[in-house]
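Reviewing the structure listed below.
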Number of protein chains: 2
Amino acid sequence: MTTRQGQTGGRSKGRVTLSDVARMSGVSAMTVSRALNEPQRVSEQVRERVQQAIDALGYIPNRAARSLAGTRSHTIAVVIPSVSNAVFNNVIRGIYDVCAPAGYEMLMGNTYYSVQQESSLISKFLTHHPDGMIVTGLDMADSTRRQLEAAAIPLVQIMEVGTSAPLDMNVGISHSDAGAAMARYMLERGYRRIGVLGAQMDYRSQRRIQGFVDVLAEGGLADDRRVLTTSEPSTVRLGGQLLADLLLRNPDLDAVFCCNDDLAYGAIYECQRRHIRVPQQLAIAGFNDLEGSACINPSLTSIQTPLYDIGKTAAQMLMRRLAGEVLQQPVVDLGFQLRARESA
Amino acid sequence: MTTRQGQTGGRSKGRVTLSDVARMSGVSAMTVSRALNEPQRVSEQVRERVQQAIDALGYIPNRAARSLAGTRSHTIAVVIPSVSNAVFNNVIRGIYDVCAPAGYEMLMGNTYYSVQQESSLISKFLTHHPDGMIVTGLDMADSTRRQLEAAAIPLVQIMEVGTSAPLDMNVGISHSDAGAAMARYMLERGYRRIGVLGAQMDYRSQRRIQGFVDVLAEGGLADDRRVLTTSEPSTVRLGGQLLADLLLRNPDLDAVFCCNDDLAYGAIYECQRRHIRVPQQLAIAGFNDLEGSACINPSLTSIQTPLYDIGKTAAQMLMRRLAGEVLQQPVVDLGFQLRARESA
DNA sequence: CTGAAAGCGCTTACAG
DNA sequence: CTGAAAGCGCTTACAG
């Protein structure tokens, strides 16, 4: 096996180009381009000869040249808080499943939940002149908002809906409604001393908690001391720690709403270690309904959010707009489902 | 809020270009380019004037033009089985944390564990003329191997090491060694009727199991009927189902090695439901040591794999090569750690 | 430290 | 169905 150390990249020289293919197949570059991009506009004979030349030469089209000369970059930029997050994985898969078959490349970047990093990421992405963009959330810096408006590309803001008018298109759910629904469910089940655990505390977690607490307040059951949050990332381990802290301050709790399923897993594990029976002594509920939530013991009551569909729908909206369609419904609320299981 | 429906992308006309900035700041395009890419080679006065013009005009550089004219695309292509997989998330984060600060964009695509999809994905990525590429695994189609050799860009094959010579660079661990280590550990602990559960069954899972079973065979303890695998994706739910099936055929098992932690979670949950005490009646071990494994009850014995570091190291190797360095060590074995906990 | 010329590899718009 | 010309917006290589 020969090593390739030292070679660091293809200098222009020596690359096989469209004209090489054209020369070999005895047609113009224009015709090769058509054979590649609009094969139906080229005679079958020519198409075959071109294909043979491509194979013989090992021709690889150059996207940079294509996007510079053409009107499209065939690229979609996706801005999310973090690729290493079970929630966004599902969203990404939905986007990918629509974009990839349509011939669009996905440019992906993390904001790490920082408005500032979001701004610089979007600026950077704009230099690729993506044909469309998907951005997480409705909140962004004003300067970014202006940049995006100036870029004038189709844009879908995802995850949440209803907190403010989107820049262009919007698909997601109402996190405050979802939080409220969980609170109502818990009240119906008879819980009265209800705690709340939150991590990460991005806008959507905050709205979830706000919606939840507002309903408790209506019943006169809100108590700030029962709400424990941190800006640390949401993990199973953290769920256990937070529950321990919360119980220390509020030994009399009869239920806890966790802002994320992984926190809820950690809380359930902590209860197991302390021999606290769930839900008999303490009910626990989560949010997002991740894959393991139906399997854990006790199975976890949670809010199922349409993560995959949010990604898929966002990408489809983009594709439709790129096909010239005018969308009647630029804002789509995909809704959520409360999954009542054993834990609460 | 004005809607932007109907606008589908920036036609070349009307874009602010380098020359516009040059004109406004009274220097040549060349100098603006330098002010942008090698600021230290331009006088501070000029740099300031150029920056003012950029701000005033809202100039956004065009990467397509840059990569067409230049020798670099400032893009790294990453080929993984699936973005929505906790294992690869960590790898991706490692890659991202090195590439993003270095000014490299990440192009990411899924093979969905298919050699065929891998081939077409790599062909597609090559049209972007990425400066480097990271590909999962050592096995690939011969045609792809040739394409990659012809492209002559730095390439790092990741995740596993030692099964065959890499095309260029390589970082990962030996999955058969890791499987073997787990088998030895279980034998030391006194387990003798040991089952194996596998899902997905990509090359690396296969090698994990092979390494594990080979050690059992040395002790005369291998039994095909105790190995249950499926090509379905690895999930918590599947872990429970597989364990149920395995116990049906082998009620006398005293331990089970699960090829992935999520299978192990499912197996533990299933034991809880059946009141099988872990590890007293049945020991359970996993692989990858995901975040929750230390928290579940009983805490999970697993093999910790350096996922983040694999990604980080691969990206660093690429960066070093792109900086012209010749690597003394093109193959890096990052090793693994057996985490002995309560479950086995 | 700064600039004029040429060209990267395609596609658009116009013909025929 | 096919082609000749021009140009997309940058950077390289060469000067000075």
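See the values below:
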read-out	value
Boolean, residue B:253 is closer than 24 Å to residue A:298 by Cβ and touching a helix residue (DSSP H, G or I) at 6+ places or on another chain (Cβ under 7 Å)	no
Residue that is nearest to DNA strand C (Cβ to nearest atom) [pool: residues in segment A:32-83 that are away from chain B (no Cβ under 14 Å), surrounded by 20 or more Cβ atoms within 10 Å (Cβ to Cβ) and under 40 Å from the mean Cα position of the chain (by Cα)]	A:32
Any chance residue A:150 is open to solvent by 30 Å² or more (accessible area, probe 1.4 Å), among the aliphatic types (A, V, I, L, M) and not assigned by TED's automatic domain parsing to the domain that holds residue A:282	yes
Search result, residues across segment A:283-335 that are more than 14 Å from chain B (Cβ to nearest Cβ) and of a type in the set (Val, Ile, Thr)	A:284, A:301, A:303, A:305, A:313, A:332
Criterion violated by residue B:167 - all others in (1) more than 22 Å from the chain's Cα centre (by Cα); (2) not assigned by TED's automatic domain parsing to the domain that holds residue B:268; (3) not acidic (Asp, Glu) satisfied	(1)
Residue B:211 closer than 28 Å to residue B:284 by Cα, in contact with a His (Cβ under 8 Å, 6 or more places away or on another chain), modelled with pLDDT of 95 or more and not polar (S, T, N, Q)	yes
Failed condition for residue B:180, given (1) closer than 27 Å to residue B:280 by Cα; (2) aliphatic (A, V, I, L, M); (3) open to solvent by 30 Å² or more (accessible area, probe 1.4 Å)	(3)
Test for residue A:116: is it touching a helix residue (DSSP H, G or I) at 6+ places or on another chain (Cβ under 9 Å) and open to solvent by 30 Å² or more (accessible area, probe 1.4 Å)	no
Conditions (1) more than 9 Å from chain B (Cβ to nearest Cβ); (2) buried (at least 21 other Cβ atoms within 10 Å of the Cβ); (3) under 20 Å from residue B:128 (Cβ atoms): number failed by residue A:122	(3)
Within segment A:68-87, tally of residues that are within 9 Å of DNA strand D (Cβ to nearest atom) and in contact with a Ser or Thr (Cβ under 7 Å, 6 or more places away or on another chain)	0
Strands (runs of 3 or more DSSP E) lying entirely in segment A:140-239 (those with 2 or more residues that are more than 12 Å from chain B (Cβ to nearest Cβ) and farther than 21 Å from residue A:82 by Cβ)	A:194-198, A:227-229
Identity of the residue in segment A:90-104, free of Cβ contacts under 8 Å to residues at least 40 places away in the same chain and facing another protein chain (nearest Cβ under 10 Å), that ends up surrounded by the fewest Cβ atoms within 10 Å (Cβ to Cβ)	A:103
Only one of B:127, B:75, B:144, B:111 that is without any contact (Cβ under 8 Å) to a residue 12 or more places away in the chain and at negative phi	B:127
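The values are calculated or read from the model by the stated rules, or taken from the named source; none is laboratory data. The model shown is predicted, which means the values in this text are computed figures rather than measured ones. Glycine gets a Cβ as well: all are built from the backbone with ideal geometry, and neighbour counts include every protein chain shown. Accessible surface areas use protein heavy atoms only, side chains included; no ligands, DNA or RNA. Shrake-Rupley method; radii C 1.70, N 1.55, O 1.52, S 1.80 Å.
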